[in-house]
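S.K.: Sharing a structure, written as structure tokens. Questions coming.
The values are calculated or read from the model by the stated rules, or taken from the named source; none is laboratory data. Fair warning: this is a prediction, and the values are worked out from it, not measured in the lab. Cβ placement follows ideal geometry from the backbone for every residue including glycine, while neighbour counts extend to all protein chains displayed. The protein model used for the area step is the full one, side chains on, heavy atoms only, and it has no ligands, DNA or RNA in it. Shrake-Rupley method; radii C 1.70, N 1.55, O 1.52, S 1.80 Å.
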Amino acid sequence: MWVNGLTDGIDWADVVTEDGRAHGGKVRMSIAERRAEQGNLDGSAEEAAPEGDYDDPTAVLTGSWGSNQYVRATVFSRNQTEDYFQEVEIRLRSAIAPHSCTGYEVFWRCLKTENAYAEIVRWNGAIGTFKSLARNQGPQFGVSDGDVVEATIVGSRITSYINGVEVLSATDDTYADGAPGIGFNFGCGDTYVDHGFTSYEVDTYEG
């Protein structure tokens, strides 16, 4: 049912399921995340390449899916911390193959402080190659336990929601097809059991 990041993609980590939750599996934890957007990479160098392993636990569904995609998931989050960039991620129009992961990623930080954020990025294939398409920061853009997150792509418009409220959108026409999926940020140490999803629903149709 799932194509997994390590098992099938080699360069990423797997998503695991246990106790009614989906969460991230083991990651390398060798190079921590540093990005201008995260505020821990030289802000004067906006074009500086992000640093980190970027082996996000990632999985996409098998089968054929319509190009217009809607995903709805319920967040599990406990022991929220500023020490890691814990994220719950929904993938749209995505594909995993050996040494390649493409598609769109819509995600939210599991935090409700000023350092929370929501973001939409495009993955370009090779590990660590991605482009941020839109981002908002602040407590209203983070998530906590029980929140319902949604992500849609209709035509070239990608939209992010928390509890039915639109919080972010972007436009990109790089990928016309692919599968929905889920993921979690790399570099979260032993806290993957503290954040994930307890439900996941998908609907798709052709435009």
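S.K.: Can you confirm whether segment 182-193 contains a residue that is in a loop (DSSP other than H, G, I, E, B), surrounded by fewer than 16 Cβ atoms within 10 Å (Cβ to Cβ) and touching a helix residue (DSSP H, G or I) at 6+ places or on another chain (Cβ under 9 Å)?
M.R.: no
A quick yes/no check of all residues on (1) assigned to a strand (DSSP E or B); (2) of a type outside the set (S, T, N, Q); (3) surrounded by 15 or more Cβ atoms within 10 Å (Cβ to Cβ); (4) modelled with pLDDT of 95 or more:
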position	(1), (2), (3), (4)
74	yes, no, yes, yes
79	no, no, no, yes
82	no, yes, no, yes
90	yes, yes, yes, yes
96	yes, yes, yes, yes
102	yes, no, yes, yes
118	yes, yes, yes, yes
133	yes, yes, yes, yes
149	yes, yes, yes, yes
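S.K.: Follow-up question, since we're still on this one. Across segment 1-37, what is the total count of residues that are touching a Gly at 6+ places or on another chain (Cβ under 8 Å), farther than 26 Å from residue 50 by Cα and not β-branched (Val, Ile, Thr)?
M.R.: The number of residues fulfilling the criteria is 3.
S.K.: Another question, if that's okay. Output the residues belonging to segment 170-207 that are modelled with pLDDT of 95 or more, acidic (Asp, Glu) and farther than 23 Å from residue 51 by Cα.
M.R.: 172, 173, 177, 194, 201, 203
S.K.: For segment 157-168, check the following and say yes or no: at least one residue is touching a residue at least 40 places away in the same chain (Cβ under 8 Å) and of a type in the set (Lys, Arg).
M.R.: The answer is no, given that none of the residues of segment 157-168 is touching a residue at least 40 places away in the same chain (Cβ under 8 Å) and of a type in the set (Lys, Arg).
S.K.: Moving on to the next point. Please work out if residue 162 is open to solvent by 50 Å² or more (accessible area, probe 1.4 Å), modelled with pLDDT of 95 or more, among the β-branched types (Val, Ile, Thr) and within 23 Å of residue 86 (Cβ to Cβ).
M.R.: no
S.K.: State all residues of segment 115-141 that are of a type outside the set (A, V, I, L, M, F, W, C) and closer than 27 Å to residue 174 by Cβ; if no residue qualifies, say none.
M.R.: 117, 119, 122, 124, 125, 128, 129, 131, 132, 135, 136, 137
S.K.: Moving on. So which residues in segment 104-116 are over 18 Å from residue 55 (Cβ atoms) and open to solvent by less than 20 Å² (accessible area, probe 1.4 Å)?
M.R.: First, pick out the residues of segment 104-116 that are over 18 Å from residue 55 (Cβ atoms): 104, 106, 108-116.
Scanning segment 104-116 gives 104, 106, 108, 109, 110, 111, 116.
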